[in-house]
Amino acid sequence: VFGLGEGKPGEVLDATEVGVLFQRFQSHPLIRQIARLAGCYKPVAQGCNTILGKEGMDHFTGVVLGCELSRILPSELLRIGLPELETDFLRRFAEGQLLVRDFESHEPAGLGPVVVVVDESGSMNGSRIEHAKAIALIFAWLARCQGRWCGLVSFSGGTGYSVLALPPGTSKTRELLDWAIGFIGGGSDQDLPVREMPAIFEKIGAPLGKTDLIYISDAQLKISVKDAEAFFQWKASVRAKLTSLVIGSEPGDLVTISDKVHLFETLHPDSVRDEQVFSI
């Protein structure tokens, strides 16, 4: 969740980064709570997405001849234990004639950035912001799995905003921790960026491409017809699709600018029933 890799066997983690993470977890209960919730949402996200790997091992497609021991069929392994077949096994291994599983990989092609905007107005304080930040971290994790650029935005109308860019292949543990526990507070009658989104998109440095824009909010906002029309024009210009996740409230005017809206009526990961919530 916090950018230290997937924990694969043999993977070497940066001891300094691990130390920073450990100390922050020890001293800040909010980080522990957000990470716990993210861990609960992660299986839901995995069920919504096919996490595509980089090793060509996404989909089993059949059986071919080869010599890669990690992919050989169990029936071939049995030959090693039989003295009368062991020599034949070694010969076919040397010649690349063993029966092995065949896989194919479909790497994401042409996918652009993932930009997640979290409402940090006063009405989001408490359990709402904890769930919102956990969900945002899951989208950042999905973006990293897909090798996509990710931007995290905290916004509170009339008060300000903060941004964090997460290019593919980078680890920004300290910055991510600071973003996760930050809370602007304040607010106005428009606590998600509508007029401001083009400027924020440019400031964060999002690359061009098919963009997944995610708004996470309790949707306490008013959107004028003029602002909605301008937002639609900008959204088309950057090829963005807006998915709004509404926490503990009705979507209200957010429906007018969203391509999809998902309601989190109960703040509990087990209450997520829509399989498309984390689909990007």
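Summary of values
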{"read-out": "Set 202, 196: member being out of contact with any Lys or Arg (no Cβ under 8 Å at 6 or more places or on another chain), closer than 24 Å to residue 168 by Cβ and open to solvent by 10 Å² or more (accessible area, probe 1.4 Å)", "value": "202"}
{"read-out": "Where a residue in segment 248-264 is of a type outside the set (A, V, I, L, M) and its partner, wherever it lies, is open to solvent by 30 Å² or more (accessible area, probe 1.4 Å) and at pLDDT 90 or above, with Cβ under 8 Å and at least six apart", "value": "248/128; 251/261; 259/241; 260/241"}
{"read-out": "Tally, over segment 112-155, of residues that are farther than 17 Å from residue 176 by Cα and either under 12 Å from the mean Cα position of the chain (by Cα) or surrounded by 24 or more Cβ atoms within 10 Å (Cβ to Cβ) (or both)", "value": "5"}
{"read-out": "Check on residue 147, under 26 Å from residue 235 (Cβ atoms) and out of contact with any strand residue (DSSP E or B) (no Cβ under 7 Å at 6 or more places or on another chain)", "value": "yes"}
{"read-out": "Residue in segment 254-276 that is surrounded by the fewest Cβ atoms within 10 Å (Cβ to Cβ), counting only those that are over 18 Å from the mean Cα position of the chain (by Cα) and at pLDDT 90 or above", "value": "259"}
{"read-out": "Criterion (open to solvent by 30 Å² or more (accessible area, probe 1.4 Å), farther than 20 Å from residue 139 by Cα and in a loop (DSSP other than H, G, I, E, B)) met by exactly one of 169, 187", "value": "187"}
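The values are calculated or read from the model by the stated rules, or taken from the named source; none is laboratory data. Please read these numbers as outputs of a predicted model, since none were measured by experiment. Cβ atoms come from the backbone with ideal geometry, glycine included; neighbour counts cover every protein chain shown. With ligands, DNA and RNA removed, areas are computed over all heavy atoms of the protein, side chains included. Shrake-Rupley method; radii C 1.70, N 1.55, O 1.52, S 1.80 Å.
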